[in-house]
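To start, the structure under review is shown below, and the notes come after it.
The values are calculated or read from the model by the stated rules, or taken from the named source; none is laboratory data. Everything quoted here is computed from the prediction, not taken from an experiment. Positions of Cβ are generated from backbone atoms using ideal geometry, with glycine treated the same way; all protein chains shown enter the neighbour counts. Calculation scope for accessible area: heavy atoms of the full protein, side chains included, ligands and nucleic acids excluded. Shrake-Rupley method; radii C 1.70, N 1.55, O 1.52, S 1.80 Å.
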Amino acid sequence: MVNHEGSLDGNGLKIAIIVSRFNSIVTDRLLSGAIDGLVRRGVSDKEIDIYRCPGAFEIPSVAKRVIDTKKHDAVICLGAVVRGETPHFDYVAGESAKGIGQLSLAAQVPVIYSVLTTDSMEQAADRAGGKSGNKGFDAAADAIEMVNLFKHI
Ligand code: INI
């Protein structure tokens, strides 16, 4: 049996973060968590590029262009889509997830999906440094693990 898995050592890696501004009270916290998670695992803060876009809908188009630069070992996508009274939620959340999913299959580097989709701002805040942890911090670990896993494949 040969077990393949990626380590959580981020030394020497260059990482891109795409973060949307909509619901920035949440996405700013996801960003802080992601940076903290990367730096704590050895990624130099000079090797983190942050790209900001208006909303979660725009994340895939920005991520695609960032991937095309071939400058990064992984791309982390951060956003927060909160269900309101309109069907807009479903379109924005669906297109964002679909676009990021397509990129993750096509790209040669890991693309990490950390776009919160919640019914309320409270639920989103819980996942962005509140009682359910920080999904940005988790995304940092996922990105590093996936980079190191890809090296084994
Ligand atoms: N964008 C988000 O990131 N989160 C949301 O909750 C949201 N809602 O609810 O509308 C949202 N809308 C904006 C969208 O992402 C685009 O920026 C906009 O439609 C312009 O293309």
Can you name the residue in the stretch 110-153 that is outside any helix (DSSP H, G or I) and of a type in the set (A, V, I, L, M) and, of all such residues, is farthest from the chain's Cα centre (by Cα)?
153
Based on this model, can you work out whether residue 86 counts as farther than 25 Å from residue 106 by Cα, of a type outside the set (Asp, Glu), in contact (Cβ under 8 Å) with a residue 40 or more places away in the chain and open to solvent by less than 90 Å² (accessible area, probe 1.4 Å)?
no
Condition check for residue 74: in contact with a helix residue (DSSP H, G or I) (Cβ under 9 Å, 6 or more places away or on another chain), over 18 Å from residue 25 (Cα atoms) and at pLDDT 95 or above:
yes
Filter result for the condition that a residue is among the β-branched types (Val, Ile, Thr) and in contact with a Cys (Cβ under 6 Å, 6 or more places away or on another chain), over 67, 112, 59, 76
59
For the stretch 1-60, what are the residues that are among the basic types (Lys, Arg) and either open to solvent by 60 Å² or more (accessible area, probe 1.4 Å) or out of contact with any helix residue (DSSP H, G or I) (no Cβ under 8 Å at 6 or more places or on another chain) (or both)?
21, 29, 40, 46, 52
Residue by residue through the stretch 35-53, note down the ones that are of a type in the set (A, V, I, L, M, F, W, C) and in contact with a Lys or Arg (Cβ under 9 Å, 6 or more places away or on another chain).
43, 48, 53
